[in-house]
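**Q** Dropping the structure in here first, questions after.
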Amino acid sequence: MTNGNSRHANTMKEQSRRILRDVKGLGAIAVDNVGEAADRIKSRGRSAVAEGKRTVERAQERLIEAVADHPVRSLLIAVGVGALLGLTLRRRS
């Protein structure tokens with residue numbers, strides 16, 4: 001009986017070792033997948049930031065052109081926006 005229990009214990013140990021080895025392997029695969037996903041997200045983020053910068057630069061150029069083409073209108077709009085902000089902020093205080 002002891003011999004049977006000993007074999008059973010050895011079999012259980014071997015199965016446990018195999019399971020541990022498999023879990024470690026799956027963990028390594030998961031780490032690789034997470035690393036690849038992080039790299040893809042970083043790349044997309046960089047692309048989005050670059051596109052955002054280009055969009056802001058184009059908007060800035062259009063704004064400068066609009067102010068240069070219509071300086072009086074631009075000044076009146078700026079005064080109106082400033083007055084509205086001033087009134088709104090004064091009411092909150």
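Rule-based calculations on the coordinates, nothing more; no lab input. Since the structure is predicted, the reported quantities are computational estimates derived from the model, not experimental observations. So basically every Cβ, Gly included, is an ideal-geometry build from the backbone, and we count neighbours across all protein chains shown.
**Q** Step by step: first the residues of segment 1-20, then only those that are surrounded by fewer than 10 Cβ atoms within 10 Å (Cβ to Cβ) and in a helix (DSSP H, G or I), then the one that is nearest to the chain's Cα centre (by Cα). Which residue is that?
**A** Going residue by residue through segment 1-20, those that are surrounded by fewer than 10 Cβ atoms within 10 Å (Cβ to Cβ) are 1-5.
Filter again for in a helix (DSSP H, G or I), leaving 2-5.
Working: T2: 59, N3: 59, G4: 57, N5: 55 Å.
My answer is N5.
**Q** Within the set of pairs 6+ apart or on separate chains, which have a first residue in segment 63-84 that is surrounded by fewer than 11 Cβ atoms within 10 Å (Cβ to Cβ), a second that is aliphatic (A, V, I, L, M) and not in a helix (DSSP H, G or I), and C-beta atoms under 6 Å apart?
**A** Close Cβ pairs (under 6 Å, with a partner that is aliphatic (A, V, I, L, M) and not in a helix (DSSP H, G or I)) do not exist here.
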